Amino acid sequence: MKKYIIILVCSLLGVVSCYDDDSHVATKLLNDIVIDGLKDTSAISCSTVLDLIPEVSGYSEEELSYAWYIYGGEFEKQTDKGYRTVQIDSVKNLSWAVDVKKGDYTLVFEVTNKESGYAVMEEVKLTVSTAFSRGFYILKETSDGNTDLDIYNEGNKQLMTNVLDGTQGDAMRGKPRNLSVIYEKAHVDPETAASGYTTTVFVGAGERDMACFRTEDLVKIFDRSTLLYGEMSEEEVPYCMATAGAHNFFFSSKGIRGDYAGMFGSEYTTGRLGYPKGNGASSFVQACDGRGLMFWNEQQHRLCYFAGDEVEEIEYMGGEIIWDDVRAIATGWNHLAGENTMWYMFESQNGQRYLVLINPKFEVVEVRRLSSSLHIANADIIAGNGLSSYSIYSVHNNQLYRYSLSEDASEVLLSLPGSIEGQITYLSDIYFGKSFDYIVIGTQAGDNYALYMYEIQGGQPYGEPVHVVKGNGKIKQVRYVSQSITWAMIPNYYAFTDYASMFGMGPDFPY
């Protein structure tokens, strides 16, 4: 926070003759106004009253006047009078009902000596979110077998439950299938009919249902009937959506459809999608470079790559694995020591598991036939480590293991600090730039779930959980939603490079 001193010299002209030096005049006549007690903060729009109580010294309160101003965010283009363009209040202690749009703002507290005009101002950074625009989205199965979302805000450590039921009037029918985050998704605002771009979550439910919800307010902007220019055929299965290379991609059993996002899009776009490329896909989508996405084609039983032009098949002639005989069960991307490694795990019809390692040139560099004695070869829950360990996690017999991607292919049992309740049913490594990197353990006890988010040290859970979240239902997936990403090329690629510290993000789909 910076201080700026404004001295109105004209008020001093009547006494200049008493002194030889103008700067000496100011020093002698004016006390310093000192502002303390303010710090950067955050708020949730339309549900937060922001109370700021500054400490001001140098003059009595009767000698001073006060003003609060705001700039940035929705006022970014309002700068006619500099930072004084938008005034909030003219009191010392601010109590302000935050009713602005989500975004990054600056509050300015200005204190002025009434007689001389001498003024000091202090800046406070303010991040405004909505109840839905930031946090851990928890896709879950409800007690009656349907699909809903809980949202955990890590800032105020509060959990909102059953938000689809609360905002849409009902949960989505059928069990949950998939949850993914789409940044800068083009759409037409249903309230204003204007084109725009927004962060969206894709929710798959039942056998074929899907919907996209705007994370600012949980307004539904797409479903099966509105996502395509034409009608979605009854047999088409929506798998997921993902952001990469300034595109947003929709993966379904018919192939991949894409549209430009963010800075490369059009102000007249509707966000609806046309004909698909390729002839199949799945929910096993993986970030792999700055342009496109790798995915498993469930219909053709092939690993493929797509960047918006034509679908390319990833070839492997080694013979250790028969593609037509396997199904994908997990995928991940590891970035360690500047090297990116993508991996897929497959299982054959007789239960044999294979680990396929792929380099950034889309070359299969190794196929490992996993021994049945390994826990990872028998585990139902598998998740990658993205940033801190060249390894894969698995849960077998309610125990957490780490399998090494190195040549030794070793496997070790990991301990969970503290105590957890129930059976482990969910596992992931969720991170966002340098803000956090958590091993997330989900457990089930009856009809109640619990999430334990641990920091990572040496590739394993460290210390007591930073967050413990408890709710009702069965966890399917957890994704972190940020409101700070505005460039659609960023989330999948730069999460694994040094740019992460600059932009602050994490991947937005299976990893």
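With respect to the numbered conditions (1) at pLDDT below 85; (2) at negative phi, which one is the sole condition not fulfilled by Asn93?
Just one mismatch for Asn93, condition (1).
Being surrounded by 22 or more Cβ atoms within 10 Å (Cβ to Cβ) and more than 26 Å from Thr147 (Cβ to Cβ) is true for just one of Gly386, Gly463, Gly418. Which residue is that?
Gly386
Looking for something part of a loop (DSSP other than H, G, I, E, B), touching a strand residue (DSSP E or B) at 6+ places or on another chain (Cβ under 9 Å) and either modelled with pLDDT under 95 or not aliphatic (A, V, I, L, M) (or both) - is there at least one such residue anywhere in the stretch 191-201? Lay out the reasoning, then the answer.
First, the residues of the stretch 191-201 that are part of a loop (DSSP other than H, G, I, E, B): 191-194.
Pick out the ones that are also touching a strand residue (DSSP E or B) at 6+ places or on another chain (Cβ under 9 Å) and you get 194.
Pick out the ones that are also either modelled with pLDDT under 95 or not aliphatic (A, V, I, L, M) (or both) and you get 194.
There is at least one residue in the stretch 191-201 that is part of a loop (DSSP other than H, G, I, E, B), touching a strand residue (DSSP E or B) at 6+ places or on another chain (Cβ under 9 Å) and either modelled with pLDDT under 95 or not aliphatic (A, V, I, L, M) (or both).
Which one is farthest from Ile182 (Cα to Cα), of the residues in the stretch 144-161 that are in a loop (DSSP other than H, G, I, E, B) and at pLDDT 95 or above? Spell out how you get there, then give the answer.
At the first step, the residues of the stretch 144-161 found to be in a loop (DSSP other than H, G, I, E, B) are 144-146, 154-157, 161.
Add one more test, that the residue is at pLDDT 95 or above, and what stays is 144-146, 161.
Working: Asp144: 28, Gly145: 26, Asn146: 23, Thr161: 22 Å.
Once the filter is applied, the top-ranked residue is Asp144.
Glu298 passes all but one of (1) in contact (Cβ under 8 Å) with a residue 24 or more places away in the chain; (2) of a type in the set (Asp, Glu); (3) outside the structural domain of Ser253 (by TED's automatic domain parsing); which number fails?
(3)
Is the stretch 160-176 home to any residue that is touching a Pro at 6+ places or on another chain (Cβ under 9 Å) and buried (at least 18 other Cβ atoms within 10 Å of the Cβ)? Steps first, please.
Of the residues in the stretch 160-176, the ones touching a Pro at 6+ places or on another chain (Cβ under 9 Å) are none.
No, that holds for no residue.
Please verify whether Ala307 is out of contact with any Leu (no Cβ under 6 Å at 6 or more places or on another chain), closer than 22 Å to Glu236 by Cβ and not acidic (Asp, Glu), treating the condition exactly as stated. Outline the logic, then answer.
Working: out of contact with any Leu (no Cβ under 6 Å at 6 or more places or on another chain): yes; closer than 22 Å to Glu236 by Cβ: no; not acidic (Asp, Glu): yes.
No.
Pick from the stretch 96-117 the residues that are of a type outside the set (A, V, I, L, M, F, W, C) and under 29 Å from the mean Cα position of the chain (by Cα): which of them is modelled with the lowest pLDDT? Talk me through it step by step, then tell me what you get.
Filtering the stretch 96-117 for residues of a type outside the set (A, V, I, L, M, F, W, C) gives 99, 101-106, 110, 112-117.
Filter once more, so that each one left must be under 29 Å from the mean Cα position of the chain (by Cα): 99, 101-106.
Details: Asp99: 89, Lys101: 84, Lys102: 81, Gly103: 84, Asp104: 88, Tyr105: 94, Thr106: 96.
Checking each candidate, the answer is Lys102.
Would you confirm whether or not the stretch 249-259 contains a residue that is part of a loop (DSSP other than H, G, I, E, B) and either of a type in the set (Asp, Glu) or within 18 Å of Ile182 (Cα to Cα) (or both)? Explain how you work it out, then say what you get.
Within the stretch 249-259, the subset part of a loop (DSSP other than H, G, I, E, B) is 253-254.
Cutting the leftovers down to either of a type in the set (Asp, Glu) or within 18 Å of Ile182 (Cα to Cα) (or both) gives us none.
So far as the stretch 249-259 goes, no, none of its residues is part of a loop (DSSP other than H, G, I, E, B) and either of a type in the set (Asp, Glu) or within 18 Å of Ile182 (Cα to Cα) (or both).
The values are calculated or read from the model by the stated rules, or taken from the named source; none is laboratory data. The model shown is predicted, which means the values in this text are computed figures rather than measured ones. Glycine also receives a Cβ, built like all others from the backbone with ideal geometry; neighbour counts cover every protein chain displayed.
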